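For reference, the structure discussed in these notes is given below.
Nothing in this text is a laboratory measurement; each read-out follows from the coordinates by a stated rule. Note that the structure is a prediction, hence the values are computed from the model and not measured. Note: ideal-geometry Cβ built from the backbone for every residue, glycine included; neighbour counts use all protein chains shown.
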Amino acid sequence: MTNDSIVATIKSSPVRVLTGDVAMWFLVLAELTVFAILFICFAVARAFNQPLFVEGQAQLHPTLGLINTLALIFSSFWLALAINYYRQQQVRSTQITLVLSILCAVVYMVVKYHEYQLLWQAGFSVTTNTFFTLYFFITLFHYLHVIAGVLLIIYLFTKATTATTHSNLYESIGVYWHAVDIIWIILFPILYVISQ
């Protein structure tokens, strides 16, 4: 292969660009770093006091955790479809899928709040022990991210009929929401399933 043919191949290759805004990627990277530190703190604390963590984990509600996992996965699915419909300028389909994404996220919020209530009624709080301090801190921190994500998706819904809205806004919010989803997918087995 000659140099000219290599240059021609490079020029004809499509340029791959990150979707969404670069600032959103930096925000997501910072958030993932914070959660990674929290996961490490949880793992280290569990290693030093495994019986306490096994006992604490037994008080959680894995079925509710699974429902929340599915709710966030479906919310991300509907948001991805909404972004695709927006690119195709299908306003009605964009609006419908955004509403479905919001509804799935609201399911997560209601179920998670219900789980908090069950734990509080059973006498568990952030001051109970190390397990519940970390559990409530990590999950409440994630819960705040879910609330922020829902508000962003609602904002997208208000812009769904505006032709001037760029798909970059949709993609940026999609990047954030998928990161929130991935964090919960990692959190679920760590908090509810893995006991070793």
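Numerical summary
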item: Radius of gyration, Dmax [the chain; alpha carbons; angstrom]; result: 20.6, 74
item: Relative contact order, percent, the chain [alpha-carbon distance under 8 Å, six or more residues apart]; result: 35 percent
item: Cβ-defined net charge surrounding Gly149, 12 Å radius [Lys, Arg +1; Asp, Glu -1]; result: -2
item: With Cα atoms, 0 to 90° folded angle of helix 167-188 axis to the chain main axis; result: 30 degrees
item: Cut-off 15 Å between beta-carbons: net charge of the residues surrounding Tyr135, Lys and Arg +1, Asp and Glu -1; result: 0
item: Most to least packed among 136-145, 117-126 [average Cβ atoms within 10 Å]; result: 136-145, 117-126
item: Contour minus Cα-Cα distance for Ala30 and Thr128 (0.36 nm per residue); result: 32.3 nm
item: Modelled FRET efficiency - R0 41 Å, Val54 with Gln88, Cβ distances, 0.05 increments; result: 0.25
item: Convex hull volume of segment 119-196 per residue (C-alpha atoms, cubic angstrom); result: 101 Å³
